[in-house]
Structures are given as C-alpha cells and as structure tokens.
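What follows is a short report on a single structure.
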Amino acid sequence: MNSTGAADDVAPDVKAFLDYVNGVLSDDAFVREIDDEIIRVKQIEQERVGYMTYAMKIEEERELAEEKGREEGKIETVINNIRSLMKKKGWSFNEALEALDVSPEDRVTISAKL
C-alpha cells in the first residue's frame, strides 16, 4: 500500500489513516485517537527529557559543591599549618608560605582569610 497513491479503491477510514501518515489530519475517530496518543507520548518524552536535564544539572551542582568543599578544606589546612609554623618556629607569614610551597593563587586566598 502506498500512502501517496492516487487510486481510490480503499475504504474511507484507511484513506483517512493514509492521509494522516502524509500529514493531513481528518475528523476520522481512529485518526484522532492515533493523533491524541502521539501527542500524549510526545509530552511524556518531553517530561522525561526535562527530568533527565534537571537530574544532570543537580549532579553537576553536587560535583561543583564537592570540589569547592575540597578546595576550602585544603585552604583551611594550609592556614592551620601556617599558623602552627609561625607559632612554633617563630617564622613570618611569608617564610611559612615559602616553606609550604603555597601557589601564588592560594597565597591571595589565604591572605584574604587571615
């Protein structure tokens, strides 16, 4: 059966379905039922995709928060080590930074926190 055929030797309901396959919506009950079901399935798919996108964003935010927590923990550990060296060894802030080989970026962060 060819949905674009020109012969009119098919039943009207089959013709309505074949027209629907070609993008023509009719008032045929069966065609309307098919169209309604397709619309429903597309909405479910859109909701599923929306949920998956939302779940991926939540996971990304969780990973960013964990990374930020690890970075903050690292900085706090370095700060505690600096304080300890300054107190126990009598070192200056810069001497402690050098001894701990603190990166220039972390030095800015640590200086702001002290």
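What follows draws every value from the coordinates through simple rules; no lab data is involved. Everything quoted here is computed from the prediction, not taken from an experiment. Cβ atoms come from the backbone with ideal geometry, glycine included; neighbour counts cover every protein chain shown.
At the listed q of 0.21 Å⁻¹, the Debye profile of the chain, built from one uniform point per Cα, gives log10 I(q)/I(0) equal to -1.06. Shown in residue order for region 43-52 are the 3J(HN,Hα) couplings computed by the Karplus curve 6.51 cos²θ - 1.76 cosθ + 1.60 at θ = phi - 60°: 5, 4, 5, 4, 5, 5, 5, x, 5, 4 Hz (x for Gly and Pro). Ordering 100-106, 67-73 by mean Cβ neighbour count within 10 Å, with the highest value first, yields 100-106, 67-73.
Per-residue Karplus couplings for region 81-90, computed as 6.51 cos²θ - 1.76 cosθ + 1.60 with θ equal to phi - 60°, are listed in order as 5, 4, 4, 5, 5, 5, 6, 7, 9, x Hz, Gly and Pro entered as x.
Cα to Cα, under 28 Å, and not fewer than 8 places away if on the same chain: which lysines meet these conditions relative to Lys57? Excluding near neighbours in sequence, the set is Lys42, Lys68, Lys74. Note on the chain: helix-only mean residue ellipticity at 222 nm, from DSSP H runs of 4+ residues weighted -39500 (n - 2.57) and normalised by residue number, equals -27000 deg cm²/dmol.
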